[in-house]
Amino acid sequence: MHILVCGGAGYVGAHAALAATRAGHDITVLDNFSTGHRPAVRWGRLVEADILKPETLDAAFERPVDAVMHFCARSLVGESVQEPYAYYENNVMGTLNLLQAMRQHDVGKLVFSSTAAIFGNPVSALIDEDHPKAPINPYGASKLMVERILADAASAYGLRSTCLRYFNAAGAAPEEGIGESHQPETHLIPNVLRAALGTGPELRIFGDDYDTVDGTCVRDYVHVLDLADAHLRALGLMSDVDGAHAFNLGNGQGFSVRQVLEAGRQVSGREIPHVQAARRDGDPAVLVASSSKARSVLGWNPVHTQLESIIDSAWRWHQAQAY
Ligand code: UDP
């Protein structure tokens, strides 16, 4: 297949481009490099374009596209609380532009990067696809709006789509020279490892009074290559079945911020300088996935399930960080 990977210079997008190439697909990466990295575009051809500038999108469809994977998004919970317009503009309006371009060019399949943030505060220990969707920050709300648009597009236009709701993407493919790098870095595991290396500030632990095992937030960390694999499986599903699909992707096990810090210390063999800080806006206490549906329908079977091995891949990337 020829797959258009929108946001393929970003963290999850670059790993999906790698996985798609390894699976024998032909890919085109579309990116505006607002947050993506040129050295991360290592597979396929590149079209520099911007989903907020619809007139730039045609170039990406010059060669017939069989399916789109859409990773272009603003994705920081805290920032979304501070700058909601930017989130609705990029994540909702930008996606609409992309969907319209797909329609013009007769592309009928989309894999969409969604998020655990669409669920808000959990009402059950494990979050499955039927869990109530009540986002508590603009980031989650913007992604949920797109999920709704995709459901409408399935009935109106026959668009086939799969929303993959990532829990906490983590890890890297250090042997391929790609990994997680944001500017500024806000994510926990990179911040733990940068603190260990001394290339970043001491880690701030956001909140210690949540109702969790040790008072810090609990998340379900899932390896980015396992996420990438789910995208390929979603393409297979959409070849056979029409409609709008959605899957929650996580390992089904939660780790607190302090547990991640300790795992980072073990893996790196270094002390992690850290301080306790106030809660961060928009953070639910616990987010852990039930991925039974992905396992049964997609045959998804994550292979990097140990937190230590996820952090180890990130640690190897951070030590040799290429961008
Ligand atoms: N976190 C933290 N210090 C940091 C970065 C994150 O304590 O420097 C916490 C954050 O409050 C959340 C968890 O770690 O509870 C995971 O945050 P991250 O930004 O990695 O992912 P998110 O869950 O927001 O998608």
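Key figures for this structure:
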{"quantity": "Choice from D31, D229, D240 with maximal GNM fluctuation in the chain (Cα, 10 Å cutoff)", "calculated": "D240"}
{"quantity": "Local electrostatic count at G198 - Lys and Arg +1, Asp and Glu -1, tallied over other residues with Cβ under 13 Å", "calculated": "0"}
{"quantity": "Local electrostatic count, A172, Cβ distance below 10 Å [Lys/Arg +1, Asp/Glu -1]", "calculated": "-3"}
{"quantity": "Acute angle (nearest 10 degrees) that the helix 257-268 long axis makes with the longest principal axis of the chain, alpha-carbon atoms", "calculated": "90"}
{"quantity": "Cα centroid separation, segment 271-323 to segment 63-130 (Å)", "calculated": "20"}
{"quantity": "Relative packing of 4-11, 144-151, 83-90, which averages over residues the other C-beta atoms within 10 Å, highest first", "calculated": "4-11, 144-151, 83-90"}
{"quantity": "Solvent-accessible area per residue, Å², over the chain with all protein chains present [probe radius 1.4 Å]", "calculated": "41"}
{"quantity": "Rounded, prolate or oblate (a/c below 1.5 giving rounded, otherwise prolate when a/b exceeds b/c) for segment 114-216 by Cα gyration tensor", "calculated": "oblate"}
{"quantity": "Relative packing of 67-73, 134-140, which averages over residues the other C-beta atoms within 10 Å, highest first", "calculated": "67-73, 134-140"}
{"quantity": "Average projected area [Cα convex hull, segment 77-146], square nanometres", "calculated": "5.2"}
{"quantity": "Protein accessible area in the chain, 1.4 Å probe - carbon and sulfur %", "calculated": "48"}
{"quantity": "Rounded to 5, percent antiparallel among DSSP beta bridges of the chain", "calculated": "5"}
{"quantity": "Value of relative contact order over the chain, rounded to a whole percent, pairs C-alpha under 8 Å and six or more apart", "calculated": "20"}
{"quantity": "Segment 227-277 - Rg (one decimal) and Dmax (whole number), Cα, Å", "calculated": "18.5, 51"}
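The values are calculated or read from the model by the stated rules, or taken from the named source; none is laboratory data. Since we're looking at a predicted model, the values are computed, not measured. Cβ coordinates were reconstructed from backbone atoms using ideal geometry, including for glycine residues, and neighbour counts include every protein chain displayed. Quick note on the areas: whole protein, heavy atoms, side chains included, nothing else; ligands and nucleic acids left out. Shrake-Rupley method; radii C 1.70, N 1.55, O 1.52, S 1.80 Å.
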